[in-house]
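Participant: To start, I am sharing the structure in question, which I have written as structure tokens.
The values are calculated or read from the model by the stated rules, or taken from the named source; none is laboratory data. Values in this document were obtained by computation on a predicted structure and should not be read as measured data. Reconstructed Cβ throughout: ideal geometry from the backbone, glycine too, with neighbour counts over all protein chains shown.
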Amino acid sequence: MSVATNTGGTSGGRKEKIYSQPQLPWKKSIQFALGSIKVRFWRSMITAGGVALGIAFLASVLTSQAIAGQVDAAEEARTRWLIGLSLLVCAVGITNAMLMSVSERFREIGTMKCLGALDAFVVRIFMIESVLTGVLASTIGWLVGMGAIVLVKLIAGVPKEAPAGTVWYGSLDGGDILRSFLFCIPVGALLSAIATYIPARQAASIPPAAALRIDV
Amino acid sequence: MTTGSGNKSGIAVSGAGGDVRTEYVVRARDVVKEFKMGNEVVRALKGISLDIRRGEYISIMGPSGSGKSTFFNMIGGIDRPNSGSIFIADSDIAQLGESEMAFLRCHNIGYIFQSYNLLTTMTALENVQLPTIFAGMPAEEGTIRAMEILERVGLGHRLHNKPSQLSGGQQQRVAIARSLANRPSIVLADEPTANLDAKTGKEIIGLLRELNKEEGVTIISATHDPRMLDVSDRVVWVNDGMIDRVENRENIEIRLSSVDDDGH
């Protein structure tokens, strides 16, 4: 059976038409990204480790606050400052990890572009991957951060007096947990997405010949 | 007919019929390519012109640094020249946007690489099916198509193996199958035998030649392999960014009789 023969195109001077390459549907992109995460699970988890750590810190602060209950304005400001800084450090770390993980895949990107992938498709795959790993990593980080604080308080028997001398009179209820979850997970996913966008955008726009030439 | 709305009707391929034999699939005119190396500008291509006929099996030879690979990438639509023009399948690639270039690479050109470049995360079948997905072919149809070509290259029994479970020769066969997935008119083979042992290399060359004869697909290959010359219709020697000479098959055979097969 003949494989590469086309049934059409018997006329002599026919011109082969070039169209615009269509973008793949989201369903395909997500399938693609999931497959990629599955195969590289531990590698992506290392990349996402930064997110997990940042979110663990965030969750632990939120949990402590909930347990401590009322805090004064100065304390509140200090905490905000601390959270902001730690997330910033975390963002720099993940950007670096993402740069590495994208450049490890230059050859794959070049190959996919040779096979007809659009730049936008390459970027989309990376974004889906990063948001998914971001969500997973921040869920882990959130559980760890909150769990650690709760555990510490339990072991310490929830002292009547906090280190700073204020009195503990809050408690960790379902509302606190939900609020903390709804805050931490999107923050983690967003951090991961921001960190991925620029490296992915850049890698996708490299001409395939150059992408294939680069050896990492 | 190529004016249909679907993609496939636009991907006209070969057919080694006599009436199309004189058609050119690639035309390069005064192609110049420069690279910046620090402060210096290196002229990798100094104005190359070449026409490649439909159904031809053509080898591009030249030492490393000759501009061979650069030229090869140009006519393969994966790099763009600084000046001069390249027509692939009657389209001036300078006129094509990113999305149209992707379409061209997807439908009109198949790529075979020295290091196979299979996606390691996918099975043989998935690798071969990938171009059909980019072409928008329905999944079932793409699977059938991929199975069909894998069968054709002799890997019908390894459909669900990952590249790491296949030998070099088998991986290159998968890559050849993948290059044919969307029935391209051109297949570009970049040193396809360089990573293979002598016997396997020979098999791969034989397979490429077979596909070229039977399916009428144009094969353009950059190579060092003397056995590749043996099957080529024409050999283009590139040196110092220029075409040194172009030899036809008859001349090659005379020369080859004096070349020992050193297994490389």
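Participant: Every residue in the stretch B:99-132 that is more than 20 Å from the chain's Cα centre (by Cα) and in a helix (DSSP H, G or I), please.
Facilitator: Listed by number, the residues that qualify are B:S99, B:L125, B:E126.
Participant: Take the residues of the stretch B:90-100 that are closer than 28 Å to B:V41 by Cβ and facing chain A (nearest Cβ under 8 Å): which is surrounded by the fewest Cβ atoms within 10 Å (Cβ to Cβ)?
Facilitator: Checking each candidate, the answer is B:G97.
Participant: Exactly one condition in (1) buried (at least 22 other Cβ atoms within 10 Å of the Cβ); (2) at the interface with chain A (Cβ under 10 Å from one of its Cβ atoms); (3) assigned to a loop (DSSP other than H, G, I, E, B); (4) in contact with a Lys or Arg (Cβ under 8 Å, 6 or more places away or on another chain) is false for B:G55; which is it?
Facilitator: All conditions pass for B:G55, except number (2).
Participant: Just one of B:A124, B:A189 is crowded, with 24+ Cβ neighbours inside 10 Å, at pLDDT 95 or above and either closer than 22 Å to B:I109 by Cα or not hydroxyl-bearing (S, T, Y) (or both); which is it?
Facilitator: B:A124
Participant: Let me ask you something else. Checking the condition facing chain A (nearest Cβ under 9 Å) and either touching a residue at least 60 places away in the same chain (Cβ under 8 Å) or touching a Pro at 6+ places or on another chain (Cβ under 7 Å) (or both), which residue from B:F113, B:F87 passes?
Facilitator: B:F113
Participant: Does any residue of the stretch A:23-33 turn out to be closer than 30 Å to B:T218 by Cα and either at pLDDT 90 or above or in a loop (DSSP other than H, G, I, E, B) (or both)?
Facilitator: Yes - at least one qualifying residue is present in the stretch A:23-33.
Participant: Could you list all residues from the stretch B:158-209 that are part of a helix (DSSP H, G or I), of a type in the set (A, V, I, L, M, F, W, C) and under 21 Å from A:C114 (Cβ atoms)?
Facilitator: Quick first cut of the stretch B:158-209, residues part of a helix (DSSP H, G or I) only: B:163-165, B:168-180, B:198-209.
Checking the rest, the ones that are also of a type in the set (A, V, I, L, M, F, W, C) come to B:174-177, B:180, B:198, B:204-205, B:207-208.
Once the filter is applied, which keeps residues that are part of a helix (DSSP H, G or I), of a type in the set (A, V, I, L, M, F, W, C) and under 21 Å from A:C114 (Cβ atoms), the stretch B:158-209 yields B:V174, B:A175, B:I176, B:A177, B:L180, B:I204, B:L207, B:L208.
Participant: Looking at the stretch B:210-232 only, could you name the residues that are touching a strand residue (DSSP E or B) at 6+ places or on another chain (Cβ under 8 Å), assigned to a loop (DSSP other than H, G, I, E, B) and crowded, with 17+ Cβ neighbours inside 10 Å? Please lay out each step first, then the result.
Facilitator: Looking only at the stretch B:210-232, we keep the residues that are touching a strand residue (DSSP E or B) at 6+ places or on another chain (Cβ under 8 Å), and these are B:211-212, B:217-224, B:228-229, B:231-232.
Checking the rest, the ones that are also assigned to a loop (DSSP other than H, G, I, E, B) come to B:217, B:223-224, B:232.
The answer is B:V217, B:T223, B:S232.
Participant: Going residue by residue through the stretch B:174-190, is there one that turns out to be of a type in the set (K, R) and in contact (Cβ under 8 Å) with a residue 24 or more places away in the chain?
Facilitator: yes
Participant: Could you tell me which numbered condition B:G76 fails, if it satisfies all but one of (1) over 24 Å from B:I48 (Cβ atoms); (2) facing another protein chain (nearest Cβ under 10 Å); (3) in contact (Cβ under 8 Å) with a residue 12 or more places away in the chain?
Facilitator: (1)
Participant: Follow-up question, since we're still on this one. State whether the residues of the stretch B:161-172 include one that is touching a strand residue (DSSP E or B) at 6+ places or on another chain (Cβ under 7 Å) and of a type in the set (D, E, K, R).
Facilitator: For the stretch B:161-172, residues touching a strand residue (DSSP E or B) at 6+ places or on another chain (Cβ under 7 Å) and of a type in the set (D, E, K, R): absent.
Participant: If you go through the stretch B:234-241 one residue at a time, do you hit one that is modelled with pLDDT under 95, in a strand (DSSP E or B), polar (S, T, N, Q) and touching a Gly at 6+ places or on another chain (Cβ under 7 Å)?
Facilitator: For the stretch B:234-241, residues modelled with pLDDT under 95, in a strand (DSSP E or B), polar (S, T, N, Q) and touching a Gly at 6+ places or on another chain (Cβ under 7 Å): present.
Participant: Of the residues in the stretch B:64-80, how many are under 11 Å from B:I220 (Cβ atoms) and among the β-branched types (V, I, T)?
Facilitator: 1
Participant: Filtering the stretch B:116-145 down to residues that are farther than 18 Å from A:T111 by Cα and of a type in the set (G, A, S), which residue is farthest from the other protein chains (Cβ to nearest Cβ)?
Facilitator: B:G142
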